[in-house]
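Novice: Got a structure here, written out as structure tokens. Questions coming.
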Amino acid sequence: MNNSASDRFSLALGVPSLLILIGAFYYSFLVAPIESSMAMVEPVQRIFYIHLPSAFISFLSFFVVFIASLGYLITRRVAWDWVAVSAAEVGVVFCSAVLITGPLWAKPVWGIWWTWDARLTTTLILFLIYVGYLMLRLYIPEAQRRALLASVVGILGFVDVPIVYMANRLWRTQHPQPVIAGGEESGLDPRMWWGVLGVFVGLALFAGLLMRQRYRLESMRSELIELERSARD
Amino acid sequence: MPIGLKHFFYAYSLVWFLLFGYLLNLGLRQKRLSEELRALRDRLTRKAAD
């Protein structure tokens, strides 16, 4: 993809993303109802509309890392490795958003910033696994060896995603019980779902934009290395 | 002030700061790389001409 096509593609992701997010946040803050048990701390409950979609996007990004890592191991095409590193970085950014918004929501509701329950701890571990993945890449100068080892970590690291998802189903946690597929007593008011869905779509497009830009960076870096090699020859 | 308004404000501000900060960081890294690429291409063109 040349530069102008790439810019158009980024614009095609960025503009709808911002428009959808503006509409979705307007709806979530002013139209969607408040969760009944949190009426006393009304504004803070609205953190839900960024916390849950950010968690979904980080899971989705780590799934892309998993698929791209498998793709690299099977085909040994370097483009898969670029997709994997781009998705890992974006996943870490969204996982950071989850770890920032969670404690800010917890403090006024639970009275504490953090507790070592299964959901919170496994999420922190997930974050650290992919920070480790990115650090590993920094310490291996040789491209093929780096891509190979990173693919293995990218595949093994994904094991933690279903554990995070299942944590509040398998163990008693301070974190609220699941709102998706959590049994008969779970679920959300449909009007709240529209807010979550809108923010999710907007953030997913924004994540796509970030991944695209990160991928472009990786392809430019590869071109630079090739040119440096031909300059030396 | 309603309970939790401060936390609500911090949560949304920090997330947007994080997302746009990362986007800005990507843009700056791309700019630096494209300058390096341009300089290297110029050097190679001059070398080929000599």
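Computed from the coordinates by the stated procedures, all read-outs in this text should not be read as laboratory data. For clarity, every value in this text was computed on a predicted model and none was experimentally measured. Here the Cβ is made from the backbone with ideal geometry for all residues, glycine too, and neighbour counts use every protein chain on show.
Novice: What FRET efficiency comes out for the pair B:Arg38/A:Ile74, r = Cβ-Cβ distance, R0 = 30 Å, nearest 0.05? Could you put the intermediate results ahead of the total?
Specialist: Numbers: r = 36 Å, r/R0 = 1.20.
The pair B:Arg38/A:Ile74 has a calculated efficiency of 0.25.
Novice: Continuing with this model, one more query. What are the residues whose amide H is under 5 Å from the amide H of A:Ile140, where those residues sit 5 or more places off or on another chain and H is modelled from the backbone?
Specialist: Correct list: empty.
Novice: Now, a different point. Compute the distance from the alpha-carbon center of the stretch A:4-25 to that of chain B, in whole Å.
Specialist: About 17 Å separates the Cα centre of the stretch A:4-25 from the one of chain B.
Novice: How do A:Arg172, A:Arg46 line up, fewest other C-beta atoms within 10 Å first?
Specialist: With the fewest neighbours first, A:Arg172, A:Arg46 line up as A:Arg172, A:Arg46.
Novice: Which of the aspartates and glutamates could a cross-linker span from B:Lys47 if the Cα-Cα distance has to be under 20 Å and same-chain partners fewer than 8 positions apart are dropped?
Specialist: A:Glu223, A:Glu226, A:Glu228, A:Asp233, B:Glu35, B:Glu36
Novice: Sticking with this structure for a sec: When the gyration tensor of the stretch A:103-233 is built from Cα positions, what are the square roots of 5 times its three eigenvalues, in whole Å, from largest to smallest?
Specialist: 39, 20, 13
Novice: Using 1/(1 + (r/R0)^6) with R0 = 41 angstrom and r between the beta carbons of B:Asn25 and A:Glu42, what's the FRET efficiency to the nearest 0.05?
Specialist: 0.75
Novice: Arrange the following residues from fewest to most other Cβ atoms within 10 Å of their Cβ: B:Glu36, A:Glu226.
Specialist: Working: B:Glu36 15, A:Glu226 11.
The most exposed by this proxy come first: A:Glu226, B:Glu36.
Novice: Follow-up question, since we're still on this one. Quick one: plug the Kirkwood hydrodynamic radius of the stretch A:156-233 (C-alpha pairs) into Stokes-Einstein at 25 °C, 0.890 mPa s, and report D in µm²/s.
Specialist: Estimated diffusion coefficient is 145 µm²/s.
Novice: P(r) for the stretch A:61-103, please, calculated from all Cα pair distances in 10 Å bins and given in %.
Specialist: Values per bin, smallest distances first: 34, 40, 18, 8, 0.
Novice: Here is a further query. Go ahead and estimate [θ] at 222 nm for chain A from helices alone: -39,500 (n - 2.57) per DSSP H run with n ≥ 4, summed, over the residue count, rounded to 500.
Specialist: That calculation yields -27500 deg cm²/dmol at 222 nm.
Novice: Under 22 Å Cα-Cα from A:Lys107, which lysines qualify once same-chain neighbours fewer than 8 residues away are excluded?
Specialist: Answer for A:Lys107, where 22 Å is the Cα cut-off: B:Lys6, listed by chain and number.
Novice: Now, a different point. Determine Rg/Rh for the protein assembly as shown; Rg is computed over alpha-carbon atoms and Rh is the Kirkwood hydrodynamic estimate from the same atoms.
Specialist: Here the Rg-to-Rh quotient is 1.04.
Novice: Mind listing the phi-derived Karplus ³J(HN,Hα) values for the stretch A:99-105, rounded to whole Hz, using 6.51, -1.76 and 1.60 with θ = phi - 60°, and x for any glycine or proline?
Specialist: Whole-Hz 3J(HN,Hα) from phi for the stretch A:99-105: 6, 7, 6, x, x, 5, 7.
Novice: Taking Rh as the Kirkwood radius, which is the inverse of the mean 1/r over Cα pairs, what is the Rg/Rh value for the stretch A:17-112? Provide the component values of the computation, followed by the final result.
Specialist: Details: Rg = 17.5 Å, Rh = 15.3 Å.
Reported Rg/Rh (Cα atoms, Kirkwood Rh): 1.14.
Novice: Calculate one ³J(HN,Hα) per residue across the stretch A:78-87 by plugging θ = phi - 60° into the Karplus curve 6.51 cos²θ - 1.76 cosθ + 1.60, and present them in order as whole Hz with x for glycine and proline.
Specialist: 5, 4, 5, 5, 5, 4, 4, 5, 5, 5
Novice: Now a separate question. When the Karplus curve 6.51 cos²θ - 1.76 cosθ + 1.60 is applied with θ = phi - 60°, which whole-Hz ³J(HN,Hα) does each residue of the stretch A:216-233 get, with x for Gly and Pro?
Specialist: Whole-Hz 3J(HN,Hα) from phi for the stretch A:216-233: 4, 4, 5, 5, 5, 4, 5, 4, 4, 4, 4, 5, 4, 5, 6, 5, 6, 6.
Novice: Please compute the length gained on full extension between A:Leu128 and A:Trp194, using 0.36 nm multiplied by the number of residues separating them and subtracting their Cα-Cα distance.
Specialist: 20.6 nm
Novice: Can you sort B:Lys6, B:Lys31 so the residue with the fewest Cβ neighbours within 10 Å comes first? Write down the numbers at each step before the final one.
Specialist: On the way: B:Lys6 15, B:Lys31 10.
So the ranking, lowest neighbour count to highest, is B:Lys31, B:Lys6.
Novice: Give, to the nearest whole percent, the P(r) tail of the stretch A:108-154 beyond 18 angstrom, counting all Cα pairs.
Specialist: Summing the P(r) tail past 18 Å for the stretch A:108-154 gives 47 percent.
Novice: When the expected Rg is taken as 2.2 N^0.38 Å, what fraction or multiple of it is the alpha-carbon Rg of the stretch A:123-178?
Specialist: 1.44
Novice: Average the reciprocal distances over every distinct pair of alpha-carbons in chain B, invert the result, and give the Kirkwood radius in Å.
Specialist: Every distinct Cα pair counted, the radius reaches 14.2 Å.
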